């Protein structure tokens, strides 16, 4: 009898223990068990790319931390045809790295696979094998990597004390070399090192201080170069230390990030079957939180679309790229969840959800350039927008950081402290001296304009190089990426022929000049909103000429008397008008 009671008591206590453990959850958080399968957010090389260097390491970045022991040459493989490539697998942060034992063969297709043997820290396996292919080029990569941009630029002031530091590289890096030894932060005044951890994902590294920084204090960040510094996936080291400094504010950042622009836009129709889903954030984000768990696309019946996710810290852009073309005539829903965080750790308040419907065609040419809030303006400039009356402008006009007084020739009528109107403008005019939210919106729009310029200028592998030695008048141009080493002139009519989803990007390191009374024509359904002219020099549109497309100009745009434009004039200095017609794209 006593023995029976003892056994019953034992099993009762055991049952309580099991119940307690189950209630706490296997992942140790919030009373729930992690049952979600991890996913591959991105790879390097990306799916189906060509001309890959023959000496790269291959990476797969996951949506969450994985169990390192489940990532090996059994679960991460590389094959040439049916033959396995010898190599080693390592894991760092959220990225697995396959390093071939020797250089790959030239001009050869390879297949990489992450199998269902790969598991997250809760023991959940990848739902199905993740497979992607790429093709090598003819040469190894011997070019040193670069730091493209940092979230706090050198000399920045008023930086939140709870900031994390972001650095974006010009290519995929070896995550094993991105550590708190090679990416450091130091209090400049006291010369003391700031303790912290470093994360890496895609092409983005983030230094996370252990605690808030001191207010009103100068700090210096360093990414180490040289033999014992950071290296790319081919083993090339950053040529020299990359150093920048900033000064903190008095307070922490508590403002939540938001999605300010999407492409496709909400309820868009006739979207190309090979379209990506893009979103621009209001501020720099923690790249580790922008992944396939937080950036999603769903088709009919909420079925998830397979794809990869990348984050461009320079443009603050998240991109979902479907693994396969979308289905024609189908409604899709894109979602950015509250799991995304800014560099201060603030989450998005609510899910950002938008929908679009596909058409029946595949877009030709490069992916479009995202304009963000710069797309809210027909004309946007940093120093001045002037007109000799009477111009006819359909769309908003903005200038920043210059004040409203640098909107000249418009005979402005103030609408309170937020906007102004003019008889020459169907829309509103804005200056940086106007009150919130106008001034902050302009700051964001100008930042988006600059990021769009950088994006367009940095697109690699042009389809056409030095076409017409810079004279494109008289030509019919198909969709594609065009690059010149000179300026470009349009001395006779030029035609852009393509479909409604096709894209043209023109990379011009010099000036763009359109002669008197010449025309840029769009045929075949082509749209001005899909034509991007990136011009490092000046833009001059001759008297009586007609122009089509989005002008992303690093200097000044000038339109001579009687010239017209269907598009947007976005200049990093001034836009000068003389009785012109400017109409933003529909």
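Under 7 Å between Cβ atoms, which residue pairs at least 6 apart in sequence (or on different chains) link something in segment 277-295 that is under 22 Å from residue 368 (Cα atoms) with a partner that is in a helix (DSSP H, G or I)? Note: pairs meeting the criteria are 280/372; 280/448; 282/444. Remark: residue 54 matches the filter, which requires a residue to be at pLDDT 95 or above, touching a strand residue (DSSP E or B) at 6+ places or on another chain (Cβ under 7 Å), assigned to a loop (DSSP other than H, G, I, E, B) and closer than 30 Å to residue 142 by Cα. Can we say residue 409 is on the phi > 0 side of the Ramachandran plot, touching a residue at least 12 places away in the same chain (Cβ under 8 Å), surrounded by fewer than 23 Cβ atoms within 10 Å (Cβ to Cβ) and over 30 Å from the mean Cα position of the chain (by Cα)? Yes, satisfied. Determine if segment 154-177 includes at least one residue that is at pLDDT 95 or above and more than 26 Å from the chain's Cα centre (by Cα). No, there is no match, as no residue in segment 154-177 is at pLDDT 95 or above and more than 26 Å from the chain's Cα centre (by Cα).
Selection of segment 414-427 for residues being within 36 Å of the chain's Cα centre (by Cα), surrounded by fewer than 18 Cβ atoms within 10 Å (Cβ to Cβ) and touching a residue at least 12 places away in the same chain (Cβ under 8 Å) yields 415, 417, 418, 426.
For segment 82-112, the set of residues classified as surrounded by fewer than 16 Cβ atoms within 10 Å (Cβ to Cβ) and either touching a residue at least 12 places away in the same chain (Cβ under 8 Å) or assigned by TED's automatic domain parsing to the domain that holds residue 287 (or both) consists of 86, 88, 101, 102, 103, 105, 106, 107, 108, 109, 111, listed by residue number. Here is the figure for segment 502-521: residues that are within 23 Å of residue 276 (Cβ to Cβ) and in a strand (DSSP E or B) total 4.
Listed here are the residues, each with its yes/no results for (1) in contact with a strand residue (DSSP E or B) (Cβ under 6 Å, 6 or more places away or on another chain); (2) under 17 Å from residue 348 (Cβ atoms).
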site	(1), (2)
243	yes, no
248	yes, no
269	yes, no
272	no, no
275	no, no
282	yes, yes
295	yes, yes
308	yes, no
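Restricting segment 237-262 to residues that are under 30 Å from residue 365 (Cα atoms) and in contact with a helix residue (DSSP H, G or I) (Cβ under 9 Å, 6 or more places away or on another chain) leaves a set whose member that is surrounded by the most Cβ atoms within 10 Å (Cβ to Cβ) is 261.
Take residue 279 and tell me if it is farther than 30 Å from residue 213 by Cβ, within 15 Å of the chain's Cα centre (by Cα), crowded, with 16+ Cβ neighbours inside 10 Å and assigned by TED's automatic domain parsing to the domain that holds residue 345. No. Only residues that are without any contact (Cβ under 8 Å) to a residue 40 or more places away in the chain and either farther than 21 Å from residue 177 by Cβ or in the same structural domain as residue 284 (by TED's automatic domain parsing) (or both) were counted in segment 189-218, giving 9.
Name the residue, out of 499, 562, 525, that is outside any strand (DSSP E or B), closer than 29 Å to residue 358 by Cα and without any contact (Cβ under 8 Å) to a residue 40 or more places away in the chain.
525
Taking the conditions (1) touching a residue at least 60 places away in the same chain (Cβ under 8 Å); (2) in contact with a strand residue (DSSP E or B) (Cβ under 9 Å, 6 or more places away or on another chain) in turn, residue 123 satisfies each one other than (2).
Does residue 69 satisfy being surrounded by 13 or more Cβ atoms within 10 Å (Cβ to Cβ) and either within 19 Å of residue 288 (Cα to Cα) or modelled with pLDDT of 95 or more (or both)? In short, no. Screening 150, 67, 61 for residues that are out of contact with any helix residue (DSSP H, G or I) (no Cβ under 8 Å at 6 or more places or on another chain) and under 21 Å from residue 321 (Cβ atoms) leaves exactly one candidate, 61. State yes or no: is residue 374 assigned to a strand (DSSP E or B), in contact with a strand residue (DSSP E or B) (Cβ under 9 Å, 6 or more places away or on another chain), buried (at least 19 other Cβ atoms within 10 Å of the Cβ) and modelled with pLDDT of 95 or more? Answer is no for this residue. Scanning segment 126-144 turns up no residue that is part of a strand (DSSP E or B) and touching a helix residue (DSSP H, G or I) at 6+ places or on another chain (Cβ under 9 Å). On the given criteria, is residue 398 surrounded by 22 or more Cβ atoms within 10 Å (Cβ to Cβ), in contact with a strand residue (DSSP E or B) (Cβ under 6 Å, 6 or more places away or on another chain) and not in a loop (DSSP other than H, G, I, E, B)? Judged against the criteria, residue 398 is a match. Of all residues in segment 448-494, those that are out of contact with any helix residue (DSSP H, G or I) (no Cβ under 6 Å at 6 or more places or on another chain), touching a residue at least 60 places away in the same chain (Cβ under 8 Å) and more than 29 Å from residue 519 (Cβ to Cβ) total 4.
The values are calculated or read from the model by the stated rules, or taken from the named source; none is laboratory data. Keep in mind it's a predicted model, so treat the numbers as computed, not measured. Quick reminder, even Gly has a Cβ in these numbers, built from the backbone with ideal geometry, and neighbours come from all protein chains shown.
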